[in-house]
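Structure first, commentary second.
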Amino acid sequence: MAVGGLLLLDLLGILKTAAVLPPLIFAGVGVLFASLFVRSREFWWAAIPGSVFLGLGAVITATQLAGAEGAGTYLFLFMAVGFAAVFLRIRTNWWALIPAGVLFTLAVVVALPPELQGTTVAAVLFLGLAATFGLLSLVPVQHPGDPAPSGRMKWPLIPAAILGVLGVVFAFQAMSLLLAVDFALPAALILAGIALLVYAYRTTRGGHRPHGA
């Protein structure tokens, strides 16, 4: 009805709807999915398409008002919120935190000014991904069928450590604080490999501990 009314106003010359109709259509579809998400826990998945359509509507509106530069940030932000809502609605969907963190990091990357491109983008990207996995290791995980959270996962610390080291390397490179940048990446990879070996050794040793020790 709303779309038909806008088209009628356009035909009568009262309102030019060519600019406002597309974002309204995307926003309307997004609100429809959002209402399904709010209505019942069974429709937790509706937060994902809802955030996509709302983000597209925001991108079109931002492009019309301020140009295309940085408009993609709104899409990534809305999608990040959508995946975060999936986890907050049902805590067994811990996996949703990974795309939420990745999309939020991409939103920050797209929002960076042009003069900060290059190694700064790489630093923000790797540090954002490291923070995502680091946050995942701190969240109490509840598996399907469990009445309460059963603990925290340790495996996200591995990609968090590797990505964090790479992010720090690119951050130092961006600030021109490393004297031997060419050796920074190999050194970071070697340190990350040592950390993985230590972690694997401690895990294996703990798993074969004798009874009563």
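Data for the structure
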{"quantity": "Cβ-Cβ FRET estimate between Glu115 and Glu42, R0 fixed at 41 Å, reported to 0.05", "calculated": "0.30"}
{"quantity": "Candidate residues Ile48, Ile194: accessible-area rank, largest first, probe 1.4 Å", "calculated": "Ile194, Ile48"}
{"quantity": "Order of exposure, largest accessible area first, which applies to Leu65, Leu191 with probe 1.4 Å", "calculated": "Leu65, Leu191"}
{"quantity": "Solvent-accessible area of Glu115 with every protein chain in place, 1.4 Å probe, in Å² to the nearest 10", "calculated": "140"}
{"quantity": "Segment Trp155-Leu88, length gained on full extension (0.36 nm per residue, minus Cα span)", "calculated": "22.0 nm"}
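The values are calculated or read from the model by the stated rules, or taken from the named source; none is laboratory data. This is a predicted model, so every value here is computed, not measured. Every residue, glycine as well, gets a Cβ built from its backbone with ideal geometry; the counts of neighbours run over all protein chains shown. Just the protein is used for accessible areas: all its heavy atoms, side chains included, with ligands, DNA and RNA removed. Shrake-Rupley method; radii C 1.70, N 1.55, O 1.52, S 1.80 Å.
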